[in-house]
1. Hey, among the residues in the range 162-218 that are under 27 Å from Val97 (Cβ atoms) and among the charged types (D, E, K, R), which one's surrounded by the most Cβ atoms within 10 Å (Cβ to Cβ)?
2. Anything in the range 155-200 that is part of a loop (DSSP other than H, G, I, E, B) and either within 15 Å of the ligand (Cβ to nearest atom) or outside the structural domain of Ser17 (by TED's automatic domain parsing) (or both)? List them, or say none.
3. Could you tell me how many of the residues in the range 31-85 are within 8 Å of the ligand (Cβ to nearest atom), under 24 Å from Ala149 (Cβ atoms) and among the small types (Gly, Ala, Ser)?
4. Mind listing whichever residues of the range 105-135 are touching a residue at least 40 places away in the same chain (Cβ under 8 Å) and not in a strand (DSSP E or B)?
5. Return yes or no: is Ala214 of a type in the set (Gly, Ala, Ser), away from the ligand (no atom under 16 Å from the Cβ) and in contact (Cβ under 8 Å) with a residue 12 or more places away in the chain?
6. Restricting attention to the range 1-30, and to residues there that are away from the ligand (no atom under 14 Å from the Cβ) and crowded, with 21+ Cβ neighbours inside 10 Å, which single residue is farthest from Ala129 (Cα to Cα)?
7. Out of the residues in the range 86-108 that are among the small types (Gly, Ala, Ser) and away from the ligand (no atom under 11 Å from the Cβ), which is nearest to Ala55 (Cα to Cα)?
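The values are calculated or read from the model by the stated rules, or taken from the named source; none is laboratory data. These numbers were taken from a predicted model, which means no experiment stands behind them. Here Cβ is always computed from backbone atoms with ideal geometry, including for glycine, and neighbour counts include all displayed protein chains.
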Amino acid sequence: MAEIGSIGFIGAGKMGSALISGVLRAGMVKPAEVFFAETDEGALRRCRKKHGIEAVSTGSLAERCRVVVLCVKPPVVLPVIRQLAGALGPGKLVVSVAAGITTGAIEAELAPGVAVVRAMPNIAATVAASATAVAAGATAGREDLELAARLLSSVGLVVELPEALLDAATGLAGSGPAYVFLFTEALISGALKVGLPYHEARALAVQTLKGAAAMLEADPESHPAILRDAVTTPGGTTIAALHELEQKGFRDAVISAVEAAAERSRELGGAGKK
Ligand SMILES: NC(=O)c1ccc[n+]([C@@H]2O[C@H](COP(=O)([O-])OP(=O)(O)OC[C@H]3O[C@@H](n4cnc5c(N)ncnc54)[C@H](OP(=O)(O)O)[C@@H]3O)[C@@H](O)[C@H]2O)c1
């Protein structure tokens, strides 16, 4: 298995900081081999204090590190890559977690032979429970993809996909936690409406989500519809609620939400090329 070696994170905001925590916690690299570059003074101070690692300039990071992880916002990715292209030669691996930016767009700014892997984690990386999709660019080999997957596995589950499906994965898992937070808010509001106090409602809502997820995880072969059917008693409370959800277009709304986020991810990729 390929060694990670020295690794540098450009951008130490929410995602960069989560990934730094992940690789250090997993013992994948020694703190002395981890570097970061950050333009925001506050984020720089927080990262240095939390992880005890060295902040360097982006240029120095690109020269020192075998693996460079781009954790800046999508519009910043290509300008940063253009700045660093001279320091990134063959043998280096660039991993981008930016929504929408394709490996092709990054490769076009780099010398031939630099491996690029695109990843789409989600915010649950901050509690090591991300659902992450990874895809190899044209020059990345099996070892590069495995190394990137290992790095991302320090913050949760990793699934390999062809790059053509990464916008779809963004629509499901990249943006997905926000849909679940909205659903949870709605559950709590419903509970308040029928008289439960907030703290009890929140605790019951969160445990209901965890319990349903645990059942789905316990039997990966089981379609969610089968589990739902098993708790839908004729003439009972659940069918009354499910009827309301179907009538109000819950299923349609969720399908359209995933589709809209995937479409927006494709648009961001298009904007990144300019
Ligand atoms: N957060 C998520 O849930 C999530 C999920 C999946 C993927 N992602 C991807 O992760 C990437 C980062 O997102 P984030 O939520 O972590 O953003 P963030 O919290 O804003 O972090 C990005 C950090 O990078 C800094 N930065 C900007 N330009 C820089 C440069 N040239 N060199 C070094 N640092 C620079 C920013 O500083 P300034 O404030 O000064 O600009 C900021 O502190 C995005 O591309 C996003 O698509 C995020």
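1. Applying the first criterion (under 27 Å from Val97 (Cβ atoms)) to the range 162-218 yields 162-185, 206, 209-210, 213, 216-217.
Within this subset, residues satisfying the condition of being among the charged types (D, E, K, R) are 163, 167, 185, 210, 217.
On the way: Glu163: 17, Asp167: 23, Glu185: 12, Lys210: 10, Glu217: 8.
Step by step, filter the range 162-218, then rank; the result is Asp167.
2. If we filter the range 155-200 for residues that are part of a loop (DSSP other than H, G, I, E, B), which is where we start, we get 155, 161-162, 175, 194-197.
Matches in the range 155-200: Val155, Leu161, Ser175, Val194, Gly195, Leu196, Pro197.
3. Matching residues across the range 31-85 total 1.
4. Within the range 105-135, Ala105, Pro121, Asn122, Ile123, Ala124, Ala125, Thr126, Ala128 meet the criteria.
5. no
6. Here is the first cut: in the range 1-30, the residues away from the ligand (no atom under 14 Å from the Cβ) are 1-7, 23-30.
Then keep just the ones that are crowded, with 21+ Cβ neighbours inside 10 Å; that gives 7, 23.
Numbers: Ile7: 22, Val23: 14 Å.
Taking the candidates together, the pick is Ile7.
7. Among those that are among the small types (Gly, Ala, Ser) and away from the ligand (no atom under 11 Å from the Cβ), it is Ala87.
Yes/no matrix, rows are residues, columns are (1) basic (Lys, Arg); (2) out of contact with any strand residue (DSSP E or B) (no Cβ under 6 Å at 6 or more places or on another chain); (3) under 28 Å from Glu263 (Cβ atoms); (4) at pLDDT 95 or above:
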| position | (1), (2), (3), (4) |
| --- | --- |
| Gly91 | no, yes, no, no |
| Thr103 | no, no, yes, yes |
| Ala119 | no, no, yes, yes |
| Thr126 | no, yes, yes, yes |
| Ala131 | no, no, yes, yes |
| Ala136 | no, no, yes, yes |
| Leu145 | no, no, yes, yes |
